[in-house]
Each structure stands twice: as C-alpha cells, then as structure tokens.
Amino acid sequence: MSQAHVATAHHAEPGKLDDYYQTLKSENLGPLWVSLKGLVPSEPRPKAVPHAWEYAKVRPRLLQAGELITAEEAERRVLVLENPGLPGVSQITDTIYAGLQLILPGEVAPAHRHSQSALRFVIEGTGAFTAVDGERTTMHPGDFIITPAWTWHDHGSAADAPVVWMDGLDVPLVRFLGTGFREEYHDNAQIITRPEGDSDARFGSGLLPLDACSTHTSPIFNYPYDRTRDALHRLTRSGDPDPRHGYALRYVNPTNGDWAIPTIATSMRLLPASFSTKPYRSTDGAVLVLVEGNLTARVGDIAFELDAKDVLAIPAWTEHTFEASEDAVFFMYSDRPVHEKLGLWREQKG
Ligand code: GTQ
C-alpha cells in the first residue's frame, strides 16, 4: 500500500475544531462525520413509544367536548391521539395520525376535501353517516370506511345516541412531502347524487363494472363489519392461524389488488381463545383497535391489557406479541404500503 493511502489520525486542537464547525455553520455547511451515524442509522429508531388509550377514559372526554363545542363549530370534533414520544405534532406513530371523532344526533360536520387520505373505523353507535362524492354510507360498529384523497366529504347523524369513530390519516406523510391542499365546500352538506349502496353494488361483491379502470384508492366506500367478521370466523373452520398474525385478512382495492388506501395498510384479525402470537416486528408503525374480546399485547418491554374499543400504538420496528384469553378481533392500520412501494419494507419473525 502506498503511503498516500494510509490513514493518519489528526488530533486538531479542540478549539480549532470548534472554530471550524462555527465557520462551517455560518456558511451553511456541515461536517457529515458528525451526523453520519444519525443520518444513516443501523436500524429504525422510532420516536413514538408503545402506548394504549383506554376507551373508558377517553369517552367521557369526548362527551365533554360534545357539551362545549358543536361539530359544525369545530368542523371536526376530534380528540387527537398524541403519542407521548411525539408531543404536539398530532401523531400516534412516526408517520400516522389518529383521532377519535364524535358526532351527536342531528349534527353535521361540514363538507371539505384535502390531499390526505382518511379512513374511518367505527367504534361506537349506529346511524351516523359520512358522504363522499355524492353518496352516503351509514355507519355500524366495526365498519371500515374510506375517504379517498381529494374527495368532498361531510359527516352527519340520524342516530339517537352519540356515534364515535376513529379517524386514521396519512397527515404526517403528506406534511413531510409538503403536498397538502384543502378546500371548503360552499355548503355544509354536499348534494347527494347516488343512492346508498351504489359503490357496494358496483365494486363490493367480487365484481367490477365491465370497463372499470385501476384507481389509486379502492372504490369500495364501506367494508361492513358483518361481512369481515363472517369471513374471519369462516377461516377458523379450516387451517391454523398464522403464528404471528392469527387469522388475518387485508382490505383490498378490487381494481388493482393493492391495499385499499394507497398510503395506509388496513387489516382485520381474529385470534382464537388462548392463542398467543410469536414475536414479530416490521418497519411499519401500526395502530390497533380492539373490536371484540380481550387482548394482552406486549410491545417492546411494555405489557398492555386491552378491552374492546381500546387503541394501541405499536411503533415501527418494535417487537410485539398478542395473547387472547377469549376470541379477540382487532383492526390494524399502518404505513406499510409506502414502505413497500419504495422497496423499504422489512419484517423480522422472532
Ligand atoms: O373527518 O375530514 O380527524 O379532515 C382530521 C382531519 C378528521 C375529517 C380528522 C379531517 C377529518
């Protein structure tokens, strides 16, 4: 090896190096050797921490909001689930937004549209509706409803009791990319142009209109819980549950086989009574909503006892297991499609 290739250690005087860094800073330059390991980490280091929100504790806070402000005044009367590791940025994980939205009988949450994609997962109550692009769908607990990016949407309620659903949006991702736009509709509620069930008739039965094209977001508006639940229970009659995911089905865009929302993976899972999953982690950070039963979730080194309607944040690349004492059904969503589309998704089976 020639002399020129032999690395030699330079021990600059400490003051000199600091002066040099100050000069670099003033000239909008930075020494990569100081930041390299942080910029290119050996593995993901999410800022989010494992955390659970007990519905029994959040519900009274939502009802309090219902006494203090109307849905119309608030535009969206939502309590944002803020991860303790990410204070003040409205994020439940490093890339996902989650909130619980309350609508009371007779209220309207005015129509608007935005670049962010949204999902609604109904937690409590029947008879509220959301309208998207001229069609309404009535909400039932466990329904998974889609508001595609840049579609007009308003919410209302013909129920006789409070209705609460979870909002899941790709807000942090759109913020990071700087691609967010929003517009208000000229009226509170949009004009209804199609009968309820229209999108289901066209796209929701394993059939497509003859000339249907591939769409970014699934054209199925509402994936009703009774069908999802029935499918999961029928799975249990043949074949064993997956050791890490239990009986698991993903919501699909029927026009192209992709996830139902291009930026958000959504799935529903059933763990049979006394089933425990094997350790698992993946690069996507996830949100879990328990629909039925009880669940012991171990995420990193924290154990959570979840009851129905509780919400759990599972940070990216954090090993977790689930244990069900009775049959448990839970909804999950994550940023997995974005990882997959960019060739970044990884999983590790412990
Ligand atoms: O219902 O349109 O939780 O635009 C956050 C932003 C709900 C909505 C949220 C929104 C909505």
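Quick rundown of the values:
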item	result
Total charge dipole magnitude, the chain, about the Cα centre, Cβ charges on Lys, Arg, Asp, Glu only, Debye to nearest 20	900 debye
Measure of compaction for the chain (Cα Rg per 2.2 N^0.38 Å)	1.15
Net length gained if the chain between Ser115 and Asp307 were fully extended (0.36 nm per residue, minus Cα distance)	65.8 nm
Simple Cβ-charge dipole of region 138-252, Lys/Arg +1 and Asp/Glu -1, about Cα centre, in debye nearest 20	500 debye
Choice from Phe221, Phe144, Phe176 with maximal GNM fluctuation in the chain (Cα, 10 Å cutoff)	Phe176
Summed residue charge, Cβ within 10 Å of Asn83's Cβ, Lys/Arg positive, Asp/Glu negative	-1
Accessible area (Å², per residue) of the chain, counting only protein heavy atoms and a probe of 1.4 Å	52 Å²
GNM flexibility winner over the chain from Val34, Val78, Val171 (Cα, springs under 10 Å)	Val34
Under-5 Å amide H pairs with Trp152, H placed in peptide plane, nonlocal only	Asp133
Nonlocal amide H pairs with Phe275, under 5 Å, H built at 1.01 Å	Ala324
Relative contact order (%) - criterion: Cα under 8 Å, at least six apart; region: the chain	16 percent
Per-peptide average of other Cβ atoms within 10 Å, ordering 199-211, 157-169 highest first	157-169, 199-211
Sequence-distant residues sharing a close amide H with Ile123 (under 5 Å, placed H)	Gly142, Val164, Trp165, Met166
Among Ala149, Ala231, Ala109, residue whose mean-square fluctuation peaks in a GNM of the chain (springs only between Cα atoms under 10 Å)	Ala231
Local net charge near Trp165, Cβ-Cβ under 9 Å (Lys/Arg +1, Asp/Glu -1)	-2
Protein accessible area in the chain, 1.4 Å probe - carbon and sulfur %	55 percent
Isotropically averaged projected area of region 29-99, using the convex hull of Cα atoms (one quarter of hull area), nm²	7.4 nm²
Set of aspartates and glutamates near Lys57 by C-alpha distance (under 17 Å), chain-local residues within fewer than 8 positions excluded	Glu67, Glu82, Glu124, Glu305, Asp307, Asp310
For region 70-83, Karplus couplings with θ = phi - 60° (6.51, -1.76, 1.60), whole Hz, Gly/Pro x	7, 4, 5, 4, 6, 6, 9, 8, 10, 9, 6, 8, 9, 5
Accessible area (Å², 1.4 Å probe, nearest 10) - Thr283	20 Å²
Label-point gap, in nm, between Glu27 and Thr179 - each point 7 angstrom along Cα→Cβ	3.7 nm
Residue among Ala131, Ala71, Pro148 farthest towards the positive dipole end of the chain, charges placed on Cβ	Pro148
For the chain, with +1 on Lys and Arg beta carbons and -1 on Asp and Glu, the positive-most of Ala98, Pro87, Thr23 along the dipole	Thr23
Normalised contact order of region 269-347, rounded percent, pairs of Cα under 8 Å and 6 or more residues apart	45 percent
Extreme residue, positive dipole direction of region 270-350, given options Gln348, Val287, Leu312 (C-beta unit charges)	Gln348
Where labels lie 7 Å past Cα in the beta-carbon direction, separation of Leu210 and Glu347 in nm	3.9 nm
Protein-only accessible surface order, largest first, of Arg76, Arg237, Arg298 at 1.4 Å	Arg237, Arg298, Arg76
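The values are calculated or read from the model by the stated rules, or taken from the named source; none is laboratory data. This one's a predicted model, so the numbers in the text were calculated from it and none came from an experiment. Here the Cβ is made from the backbone with ideal geometry for all residues, glycine too, and neighbour counts use every protein chain on show. Each accessible area value is taken on the protein alone, full model and side chains, heavy atoms only, with ligands, DNA and RNA left out. Shrake-Rupley method; radii C 1.70, N 1.55, O 1.52, S 1.80 Å.
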